[in-house]
Amino acid sequence: MNITAASKGTQPKPIVEKETLLDIRNLKTYYPVKGGFLKRTIGHVKAVDDISFEIKKGETLGLVGESGCGKSTTGRTILRLLKPTDGQILFEGKDITAISGTELRRARQDFQMVFQDPYASLNPTQSVGDIISEPIRNYKKISKKELKSEVLDLLSRVGLPAEAYDKYGHEFSGGQRQRIGIARALALKPKLIIADEPVSALDVSVQSQVLNLLKELQDEFDLTYLFIAHDLSVVKHMSDRIGVMYLGNMVEIATNDSLYEEPLHPYTQALISAIPEADPKKRKKRIILEGDVPSPQNPPSGCPFHTRCPMAKEECSQIKPALKEVKPGHHVACILY
Amino acid sequence: MARLTSGQKETPLLEIKDLQTGFKIGKDYYNAVEKVSFRVDRRKIVGIVGESGCGKSVMSLSVMQLLPKGIGKVRGGEINFEGRDLSKLSEREMNKIRGKDISMIFQEPMTALNPVFTIGYQLEEVLLNHENITKKEARLKGIALLKSVGIPRPEKIVDEYPHQLSGGMRQRVMISMAIACQPKLLIADEPTTALDVTVQAQILELLKDIQEVNDMSIIMITHDLGVVAEICDEVIVMYAGKIVERTDVETLFESPKHPYTQLLMDAIPKMDERKEKLATIDGLVPSIKQMPQVGCRFANRCPKAMPECTVITPQLEEDEANHEVACLLYKNSTPMERVGQR
């Protein structure tokens, strides 16, 4: 299959033939809750509770869900910034769940992160040149001259002028800062980039610039993205496949079109229905969910969504449905299917 | 319900004329809102959209007379609320209007609520200030208000503190306080920006219901065109302290005229189409100190800019019935006349 031709057109990229880059199996990340006089662990917040998915090479997997659903924790656990409680993370077939020390350090060259808040994620005491060259200095032995030319290259690649090299983070606007963050993530030519809400702090006109840039870079460097966001229209724009999370569980995962055209899980349906569309003629009858997301420390029994689900049946409070393939490539965790 | 069109004769609830609000930087004032005029009719929801720094929040603070003292100041124009110019009122007179006739809800409900007082205390405070009732009555009315905004177990929540509630619940509490005295105008400054979409849908639904039940007008300040399309009747698009376009919501989304509005709409990813590239707007909003004094403020970023755009200041003028735009592409008069007008 001719990859260069495929990466150009507007058609969604074929995903069947590609090899798996990241394979997540039954991943669990719990945060301990300490309490009482002796600060003993009295419970767990099950931020990520047994999720499994794969990302193919060159693909973008979107993760959506409301705040507290565990999407950021998933991203951070994959980067091994958090220690998984259970499960496996396979990167290019290699288990990175338990590695540590030099091995982990070496592995981390291949996956980088772009953060949400471009104001908090840049060190205010470092110049832009220092920020972007730091990862390279950490991993490669190259001369100062080469280092600088590499950084300047990265700057121009993300659409920043060469003068930015000696400036500091505060001299830039939000969108430009996010470009600096992207340049830093690209510095080591990673294979996987985890973008955690990369545009949610930006204005729409700037948001579109950053989204376009991320897409261009993906084609150019053959990057794989895990794109985490709460804005469903942004996720739809960016992703090949999308996973919907609720209370630490993956409730549905499907290709982009399949998910939006025919959402199966009642939660996905409500989520899609809740998005206000920029078209006053489409003021539709929405599925309005009652109440809030329950506390992940004390999640409901059975299906985690049954307390708010408009279609809940009696057995939903007892049986926790597993994610199963209902149609080719379309997985859903709901007893209705 | 019979909706009044803006053409019919009824004094507008709020009429802003040539409003100029400036901020003091060093010794000089720089205008964040520059000669803005618009009206809000009764029972209407008017949306104000624009990106950060376009002056939309400053305008609402000018209406409420809540500009930071000694720094922000209304420097010209009128803010006529039911025929009274709010910018000329004393602090005491304004206190009687704030919270009673005009009230406001903010983006971040946690910072707008006082963490050391119970929900009930803060709600009763509004009622006791503006209405002649006893504490006991205020408490009962407070509980009824909480119930009316969809808070479960209001008789319990009334004795709880803001941190015990979720973001959506806090915004409901804010709304209950804002509508406590049945204001005629509610200013909602990004009320759903900090909330999840499912909760946002709940809050927008609630605002629509309240607006109809209470016969109130709403100024909805937001950067989200989706929210505008969802609940507004009329829309004002602002850029760099000025109104660039104003019309009813259907017309705006069907045929946006100003290049800025057009770009703004093309920049958001749409649910029902898939495109590789989104529209972008090059450059940045000029800073308040470097605002061009002559010409269109969008000219340096505008893909349709003409040489005269930097020389002639476009005025907000009606191009079609009830559709005003400030752009030379749509001028009725000749450029020469405009130079004279400026």
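Read the figures in this text as sums done on the coordinates, not as results from a lab. Keep in mind that this is a model prediction, so the values were computed, not measured. Every residue, glycine among them, receives a Cβ derived from its backbone with ideal geometry; neighbour counts consider all protein chains shown.
Given a Förster distance of 35 Å, report the FRET efficiency between B:T118 and B:K17 from their Cβ-Cβ distance, rounded to the nearest 0.05.
With R0 = 35 Å, the Cβ-Cβ based efficiency is 0.25.
Taking only Cα atoms, what is the 0 to 90° angle, nearest 10, from helix B:167-178's long axis to the longest principal axis of chain B?
It is inclined by approximately 90 degrees.
Of B:C181, B:M306, B:V40, which is farthest along the charge dipole of chain B in the positive direction, counting Lys and Arg as +1 and Asp and Glu as -1 at C-beta?
After comparing all options, I get B:C181.
Would you calculate, for the protein assembly as shown, the mean residue ellipticity at 222 nm contributed by helices, counting each DSSP H stretch of 4 or more residues as -39,500 (n - 2.57) and dividing by all residues, to the nearest 500?
-9000 deg cm²/dmol
Report, in whole Å, the centroid distance computed from the Cα atoms of segment A:244-261 and segment A:265-303.
About 13 Å separates the Cα centre of segment A:244-261 from the one of segment A:265-303.
Per-residue mean of other chain beta-carbon atoms within 10 angstrom of the beta-carbon, peptide A:285-292?
What the average comes to for A:285-292 is 5.
Let me know the charge dipole size of chain A about its Cα centre in debye, to the nearest 20, where only the beta-carbon of Lys, Arg (+1) and Asp, Glu (-1) is charged.
So the magnitude is around 640 debye.
B:L128 to B:C181: extension gain in nm, 0.36 nm per residue of separation minus the Cα-Cα distance?
Full extension of this stretch gives 18.1 nm more.
Can you pull the mean other chain C-beta count within 10 Å for peptide B:261-268?
Partner Cβ neighbours, averaged per residue: 4.
Add +1 for every Lys or Arg and -1 for every Asp or Glu among the other residues with Cβ under 9 Å from the Cβ of B:G168, and state the total.
0
If you fit an axis through the alpha-carbon atoms of helix A:144-157 and take the longest principal axis of the Cα set of chain A, what angle between them do you get, 0 to 90°, nearest 10?
50
To make sure I understand the rule: partners must be aspartates and glutamates, Cα under 17 Å from the Cα of B:K56, and not fewer than 8 residues away in the same chain. Which ones qualify?
Here the aspartates and glutamates satisfying the reach criterion relative to B:K56 are A:D203, B:E15, B:D18, B:E34, B:E78, B:E108, B:D189, B:E190, B:D224, B:E234, B:E245.
Based on the mean of other beta carbon atoms within 10 Å per residue, what is the order of B:21-31, B:230-240, most packed first?
In descending order of packing, they fall as B:230-240, B:21-31.
For segment B:255-295, list residues with backbone N below 13 Å from a point placed 7 Å from the Cα of A:H170 toward its Cβ?
So the set is empty, nothing qualifies.
Along Cα→Cβ, 7 Å out, is where each label goes; now give me the distance between the ones at B:D272 and A:E19 in nm to one decimal.
Result for the modelled spin labels: 4.3 nm.
Quantify how strongly other chains surround peptide B:280-291 by giving the mean number of their Cβ atoms within 10 Å of each of its Cβ atoms.
The mean count of partner-chain Cβ atoms within 10 Å per residue comes to 2.
Past 27 Å, Cα to Cα, is the threshold; run A:K236/A:K281; A:K46/A:K327; A:K215/A:K320; B:K69/B:K257; A:K140/A:K167 against it and keep the listed order.
Checking Cα-Cα distances, A:K46/A:K327; A:K215/A:K320; B:K69/B:K257 exceed 27 Å.
Could you tell me how far the Cα centroid of segment B:48-116 sits from the Cα centroid of segment B:14-41, in Å?
Spelled out, the Cα-based centre of one part sits 12 Å from the other.
What list do you get for B:F117, A:F111, B:F298 if you sort them by fewest beta carbons within 10 Å?
Ordered by Cβ neighbours within 10 Å, fewest first: B:F117, A:F111, B:F298.
Explain nothing, just the number: dipole magnitude of segment B:175-257 about its Cα centre with +1 on each Lys and Arg Cβ and -1 on each Asp and Glu Cβ, in debye rounded to the nearest 20.
Around 320 debye, computed over segment B:175-257.
Name the residue from A:S200, A:T85, B:H130 whose Cα lies farthest towards the positive end of the charge dipole of the protein assembly as shown, charges +1 on Cβ of Lys and Arg and -1 on Cβ of Asp and Glu.
About the Cα centre, the residue reaching furthest to the positive side is A:T85.
Around B:L207, with a cut-off of 11 angstrom between Cβ atoms, what is the net charge of the other residues, counting Lys and Arg +1 and Asp and Glu -1?
-2
Among the lysines, which fall within straight-line cross-link reach of A:K94, defined as a Cα-Cα distance under 18 Å, with same-chain neighbours fewer than 8 residues apart omitted?
A:K18, A:K56, A:K57, A:K83, A:K191
Once the other residues with Cβ under 15 Å from the Cβ of B:E318 are scored (Lys, Arg +1; Asp, Glu -1), what is the net sum?
Residues near B:E318 contribute -3 overall.
For each of B:C54, A:C316, count neighbouring Cβ atoms within 10 Å of the residue's Cβ, then give the residues from fewest to most.
Listing B:C54, A:C316 from fewest to most nearby Cβ atoms yields A:C316, B:C54.
So how do A:T224, B:T193 line up by other beta-carbon neighbours within 10 Å, fewest first?
The most exposed by this proxy come first: B:T193, A:T224.
So who's got an amide H within less than 5 Å of the one on A:G43, skipping anything under 5 residues away but keeping other chains? H placed 1.01 Å off N, in plane.
Correct list: A:V33.
Pull out the extension gain between A:Q269 and A:E325, defined as 0.36 nm times the separation in residues minus the alpha carbon to alpha carbon distance; nm, one decimal.
18.4 nm
Which order do the peptides B:91-103, B:253-265 take when ranked by the mean count of other beta-carbon atoms within 10 Å per residue, highest first?
By packing density, highest mean first, the sequence is B:253-265, B:91-103.
Using alpha-carbon positions, what is the distance between the centroids of segment B:152-217 and segment A:133-196, in Å?
Result: 43 Å between the Cα centres.
Treat every Asp and Glu Cβ in segment B:10-118 as -1 and every Lys and Arg Cβ as +1, leave all other atoms uncharged, and give the resulting dipole magnitude about the Cα centre to the nearest 20 debye.
Computed about the Cα centre, the dipole is about 220 debye.
So how do B:170-178, A:127-135, A:235-243, A:29-37 stack up, highest first, on mean other-Cβ count within 10 Å?
B:170-178, A:235-243, A:127-135, A:29-37
Against the longest principal axis of chain B, how steep is helix B:135-148, in degrees 0 to 90 to the nearest 10, with axes from Cα atoms?
Approximately 60 degrees, to the nearest ten.
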